[in-house]
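Since the structure comes first, as structure tokens, the remarks are kept for the end.
What follows draws every value from the coordinates through simple rules; no lab data is involved. Since this is a predicted model, take the numbers as computed values, not measurements. Every residue, glycine among them, receives a Cβ derived from its backbone with ideal geometry; neighbour counts consider all protein chains shown.
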């Protein structure tokens, strides 16, 4: 599980490699995210280094056709695929609020203006183990993005694939991901439900947080004095600065003020 920017928790294997040489990144336009669009690459190459670069030590040597260069004509916010050791990972490639070049357009507009996008690197579509791994990674990424931007994955038009975008008139006519997911018993409705479930599992209510914090703070008060602090604490007790209890408990500002006043007398 990783902690992402903004404090959200996620089980995804998230890395960052911004495609700063891509013309889309250089354009620098921004959006207010209204949804997430799921794509897949349509090519038999599950390796992230085909699209992402430079090598961070985990990707492997990038393809000469990677997307971190001018003239590509497309860019998404993230890729999901394999690192050089075969581990499935997510690589963020654009700031989440940057306008991507991923959907083209339809008669009703373009999802580029509304949706965060990511590509799942396809293999030859015959490896169920790989599919299950990237599918789950995609679920976790989408759940993270929905949490971060306050999106309901089950609401109409929020979490869609490229083909669904085309059906809605906001994307070009690509099949992804409806040519792949059903091969392993998954639909986009299943995907949206799995994203919602992942969000429920990761959500901690304020009441739950308060209880966990109460338990944690109480546990700190029971910790013994560290060896290095025993003599300074003994001297502080002798001088009346503190009573010596809860040596590893956290002090409030009022407690600090009281100790400072005692020390200045």
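Quick notes on this one:
- A value for Cα Rg over 2.2 N^0.38 Å was derived from the coordinates, and within the list (1) 1.36; (2) 1.17; (3) 1.00 it appears as (1).
- Least to most buried among 94, 58 (fewest other Cβ within 10 Å first): 58, 94
- Distance from the Cα centroid of the stretch 13-36 to that of the stretch 91-111 is 9 Å (rounded to whole angstrom).
- Rounded Å value of the spacing that divides the Cα centres of the stretch 226-250 and the stretch 124-149: 51 Å
- Rel. contact order, % - alpha carbon contacts under 8 angstrom, at least six apart, the chain: 18 percent
- The stretch 139-265: relative contact order as a whole-number percent, Cα under 8 Å and 6+ apart: 19 percent
- Mean Cβ count within 10 Å, highest first, over the residues of peptides 31-40, 176-185: 31-40, 176-185
- For the stretch 3-202, the share of DSSP beta bridges that are antiparallel, to the nearest 5, is 35%.
- Based on C-alpha pairs under 8 angstrom that are at least 6 apart in sequence, the stretch 27-140 has a relative contact order of 34 percent.
- Cβ-Cβ FRET estimate between residue 210 and residue 31, R0 fixed at 35 Å, reported to 0.05: 0.50
- At q = 0.12, 0.21, 0.27 Å⁻¹, base-10 log of I(q)/I(0) for the stretch 113-168 (Debye sum, equal scatterers on each alpha carbon): -0.33, -0.92, -1.19
- Relative exposure of 186, 222, judged by other C-beta atoms within 10 Å (fewest first): 222, 186
- For 117, 126, 63, order by how many other beta-carbon atoms lie within 10 Å, fewest first: 126, 63, 117
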